[in-house]
Amino acid sequence: MSDAVDAIVGQWTKERPDAAEDLWPVQLFGRVQRLDLVVDKSVKATAAKHGLDVGEFDVLTTLQRSGPPYALTAGTFLKASMVSSGTITNRVDKMEAKGLVERVRDGDDRRTVKIRLTESGHEVTRAVFAEHLASYARILADVDPELVAKAAEGLRQVLEALGDTTIE
């Protein structure tokens, strides 16, 4: 059985036989990119149902999974998301206007501002996250769970080898 990545590799092998031995990374990265397109489409659709974009969904779920008091500094988001501080500021401004998050000063260090999930933000996060998980399950419904586990383990090992072992 072959897929679109096999076809791409085959085309490059025919076009550039001199590069055939150098195409092996395409086997992994091409499939990861194609999988990302499928997942991204699903995440965008789920977020949009709740009036969110993907970045806002990311902020909400990051705050929710951080646990009580569901508040993080902008710097923490910068490390976790690898976007610019301007992007975080704009994203939080939009979300604050929607009542999903609020900026609060740290009680111990008034110079530190944290972004905190509001009660409305909690409600939206619960709903969108439940749909998000259901969407993931639908995407993988026809895939053998053992194959999914093996693929996940293989990707974990690749990421570990590349030094991507933590989000902090």
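The values are calculated or read from the model by the stated rules, or taken from the named source; none is laboratory data. Values in this document were obtained by computation on a predicted structure and should not be read as measured data. For neighbour counting, all protein chains shown are included, and Cβ atoms are generated from backbone atoms with ideal geometry for every residue, glycine included. The protein model used for the area step is the full one, side chains on, heavy atoms only, and it has no ligands, DNA or RNA in it. Shrake-Rupley method; radii C 1.70, N 1.55, O 1.52, S 1.80 Å.
Annotation note: Cβ proximity below 9 Å between a residue of segment 1-27 that is under 24 Å from Val158 (Cα atoms) and a residue that is among the hydroxyl-bearing types (Ser, Thr, Tyr) and assigned to a helix (DSSP H, G or I) (sequence gap 6+ or interchain) occurs for Ala19/Thr13; Ala20/Thr13; Leu23/Thr13.
Yes/no matrix, rows are residues, columns are (1) under 14 Å from His132 (Cβ atoms); (2) open to solvent by less than 90 Å² (accessible area, probe 1.4 Å); (3) touching a strand residue (DSSP E or B) at 6+ places or on another chain (Cβ under 8 Å):
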| site | (1), (2), (3) |
| --- | --- |
| Val5 | no, yes, no |
| Asp22 | no, no, no |
| Val26 | no, yes, no |
| Gln33 | no, no, no |
| Lys41 | yes, no, no |
| Lys44 | yes, no, no |
| Ala48 | yes, yes, no |
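Residues in segment 115-168 that are open to solvent by 60 Å² or more (accessible area, probe 1.4 Å), within 28 Å of Ala71 (Cα to Cα) and assigned to a loop (DSSP other than H, G, I, E, B): Asp164, Thr165, Thr166, Ile167, Glu168.
Take the conditions (1) open to solvent by less than 60 Å² (accessible area, probe 1.4 Å); (2) without any contact (Cβ under 8 Å) to a residue 12 or more places away in the chain; Glu96 misses just one of them, which is (1). Do we find that Arg111 is basic (Lys, Arg) and either modelled with pLDDT of 95 or more or closer than 20 Å to Ser42 by Cβ (or both) in this structure? Criteria not met by Arg111.
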